[in-house]
Amino acid sequence: MSSLEGILLISTQMSGTIPSEIGTITTLRTLALTQNKISGTIPVELTFLTSLKVFWLNWNQLSGPFRSEFGLLTNLTWLKMDNNSLSGTIPTEIGLFTAVTFMDWEINQFTGPIPS
């Protein structure tokens, strides 16, 4: 799968956790696991997906923080993390997402200020 550019598993009723091995598919430009029953935390290994442009994990049952290491994904253009149970603060590193044209964080458990 050395040239795989997209994984789209939308509304498949998939459950369990996100495999950390996805982080080894460094050619990925799209990762969309929307509207499933995925739980657990977002694996830090996904920060290795530096070619990623579309990152959708919305409408799942994810919990825990959105880690500051995700600031490494500077090619992101579309980020959807809404409708989960993510918590903690939204990291200031999202300011590194200079290519982003759309971000959705609503309906989570975030606390603290919105980063500038």
inquiry  = Against the conditions (1) free of Cβ contacts under 8 Å to residues at least 40 places away in the same chain; (2) within 17 Å of Pro43 (Cα to Cα), where does Val100 fall short? Just the number, please.
reply    = (2)
ask   = Has segment 37-44 got any residue that is in a loop (DSSP other than H, G, I, E, B) and over 11 Å from the mean Cα position of the chain (by Cα)?
value = no
request  = Report yes if Leu76 is within 27 Å of Ser2 (Cα to Cα) and assigned to a strand (DSSP E or B), otherwise no.
outcome  = no
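Conditions (1) under 12 Å from the mean Cα position of the chain (by Cα); (2) outside any strand (DSSP E or B); (3) surrounded by 20 or more Cβ atoms within 10 Å (Cβ to Cβ); (4) free of Cβ contacts under 8 Å to residues at least 60 places away in the same chain, marked per residue:
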residue	(1), (2), (3), (4)
Thr27	no, yes, no, yes
Leu46	yes, yes, yes, yes
Gly71	yes, yes, no, yes
Leu86	yes, no, yes, yes
Glu93	no, yes, no, yes
Pro113	no, yes, no, yes
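One line per residue, one yes/no per condition, for (1) under 24 Å from Gly112 (Cβ atoms); (2) of a type in the set (A, V, I, L, M, F, W, C); (3) within 11 Å of the chain's Cα centre (by Cα); (4) open to solvent by 70 Å² or more (accessible area, probe 1.4 Å):
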| site | (1), (2), (3), (4) |
| --- | --- |
| Met14 | no, yes, no, no |
| Phe55 | yes, yes, yes, no |
| Trp59 | yes, yes, no, yes |
| Leu62 | yes, yes, yes, no |
| Phe97 | yes, yes, no, no |
message = Quick check on segment 100-111: of everything there that is closer than 21 Å to Leu33 by Cα and loosely packed, with under 15 Cβ neighbours inside 10 Å, which residue is nearest to the chain's Cα centre (by Cα)?
response = Asp104
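The values are calculated or read from the model by the stated rules, or taken from the named source; none is laboratory data. In this text the structure is predicted, and so the values were computed from the model without any measurement. Note that we place each Cβ from the backbone using ideal geometry, even for glycine, and neighbour counts take in every protein chain shown. We work out accessible area using only protein heavy atoms, side chains counted, and drop any ligands, DNA or RNA first. Shrake-Rupley method; radii C 1.70, N 1.55, O 1.52, S 1.80 Å.
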